[in-house]
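What follows is a single structure, written as structure tokens, with notes after it.
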Amino acid sequence: MTSELKVEKKVSALNDELAAKTSELLNKQQIYSINIMGAPGSGKTTLIEGLAKHLGAEALAVIQGDLESDIDTRRLEAIGIHTYQINTHSGCHLNAKLVHEALTQLNFSRKKFLLIENVGNLVCPAGKKIGQDLNMLVSSTTEGSDKPKKYPIIFHESQVVVISKSDLAEAVGFDRQAYLKDLKGINNQLMIYEVSSKSPSSFAAVAELMTKLRDGHHWS
Ligand SMILES: Nc1nc2c(ncn2[C@@H]2O[C@H](COP(=O)(O)OP(=O)(O)OP(=O)(O)O)[C@@H](O)[C@H]2O)c(=O)[nH]1
Ligand SMILES: [Mg+2]
């Protein structure tokens with residue numbers, strides 16, 4: 001094994017150790033954590049806003065991951081969601097250390113879910129352990145129906161795919177049939193939902209799933 005590979009393995013093992021600690025801390029407080037991934041502008045923050053209407057803003061704590069700015073944090077705080085901003089500067093994904101440190105900045109009293117909005121990217125966040133119970137990928141119709149074929153790893157590593165911007169599907173010629181066929185080919189266990197910010201009720205099914213998963217979760 002090259003020394004470079006050895007260092008990489010050590011960094012990855014340290015990351016996973018810290019992720020396990022985060023998971024343990026959250027589990028103790030019965031906080032179900034969801035890693036929300038997706039391309040820049042796919043609708044991750046809009047999904048959180050939509051979910052808050054069904055789950056209640058007071059049930060959510062959010063960690064916002066962005067290279068720069070606190071734009072999303074301000075959006076969420078404006079609707080009463082307790083949010084902590086992480087700026088990664090050049091980092092293309094959140095890691096376990098950043099998330100673990102953020103826990104000390106959050107108040108989990110009466111919270112049910114920790115939503116971690118990862119940095120907008122379809123490559124770097126895939127398969128990374130940050131203490132999450134679930135990986136949820138937001139994939140918008142406007143990105144094109146070829147995305148599962150082009151970025152299979154992140155689709156493979158997710159348990160839930162939320163197809164966003166369904167109101168724009170027709171306008172951008174989104175080929176739903178081909179997209180769904182490719183998705184199932186990559187991961188036939190995926191739970192798939194479709195939402196639109198133009199239809200606030202479309203987020204209800206995702207909120208229901210989250211509640212069901214949390215209710216059935218084994219708190220270790
Ligand atoms: N028409 C339409 N626009 C949407 C929908 N969801 C999000 N948008 C718009 O898409 C843009 C990006 O949405 P965000 O929710 O900020 O996306 P994001 O993934 O959080 O973006 P980053 O955090 O910058 O990666 C915004 O202008 C939203 O208003 C949708 O369902 N329909
Ligand atoms: Mg966002």
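Let's see how each residue does on (1) within 15 Å of ligand 2 (Cβ to nearest atom); (2) crowded, with 17+ Cβ neighbours inside 10 Å; (3) within 17 Å of the chain's Cα centre (by Cα):
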position: ALA20; (1), (2), (3): no, no, no
position: GLN30; (1), (2), (3): no, no, no
position: ILE34; (1), (2), (3): yes, yes, yes
position: SER42; (1), (2), (3): yes, yes, yes
position: GLU49; (1), (2), (3): yes, yes, yes
position: ALA52; (1), (2), (3): yes, yes, yes
position: GLU58; (1), (2), (3): no, no, no
position: ASP70; (1), (2), (3): yes, no, no
Yes or no: THR88 touching a residue at least 24 places away in the same chain (Cβ under 8 Å), within 16 Å of ligand 2 (Cβ to nearest atom) and in contact with a Gly (Cβ under 8 Å, 6 or more places away or on another chain)?
-> yes
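Results for (1) more than 8 Å from ligand 1 (Cβ to nearest atom); (2) touching a strand residue (DSSP E or B) at 6+ places or on another chain (Cβ under 8 Å), shown as yes or no for each residue.
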position	(1), (2)
ILE34	yes, yes
ALA39	no, yes
SER42	no, yes
THR45	no, yes
LEU60	yes, yes
GLY65	yes, yes
ARG75	no, no
ILE79	yes, no
Criterion (under 19 Å from LYS44 (Cβ atoms) and open to solvent by 50 Å² or more (accessible area, probe 1.4 Å)) met by exactly one of LEU213, LEU168, LEU137 = LEU168
Regarding PHE113, is this residue in contact (Cβ under 8 Å) with a residue 60 or more places away in the chain and away from ligand 2 (no atom under 16 Å from the Cβ)?
-> yes
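Yes/no per residue for (1) open to solvent by 60 Å² or more (accessible area, probe 1.4 Å); (2) outside any helix (DSSP H, G or I); (3) within 16 Å of ligand 2 (Cβ to nearest atom); (4) modelled with pLDDT of 95 or more:
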position: PRO125; (1), (2), (3), (4): no, yes, yes, yes
position: LYS129; (1), (2), (3), (4): yes, yes, no, yes
position: ILE154; (1), (2), (3), (4): no, no, no, yes
position: ILE163; (1), (2), (3), (4): no, yes, no, yes
position: LYS198; (1), (2), (3), (4): yes, yes, no, yes
Residue check, ASP175 against (1) open to solvent by 60 Å² or more (accessible area, probe 1.4 Å); (2) touching a residue at least 60 places away in the same chain (Cβ under 8 Å), all met but one. Which one?
-> (2)
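The values are calculated or read from the model by the stated rules, or taken from the named source; none is laboratory data. Note that the structure is a prediction, hence the values are computed from the model and not measured. We place every Cβ from the backbone using ideal geometry, glycine too, and count neighbours over all the protein chains shown. For accessibility, only protein heavy atoms count, side chains too; no ligands or nucleic acids. Shrake-Rupley method; radii C 1.70, N 1.55, O 1.52, S 1.80 Å.
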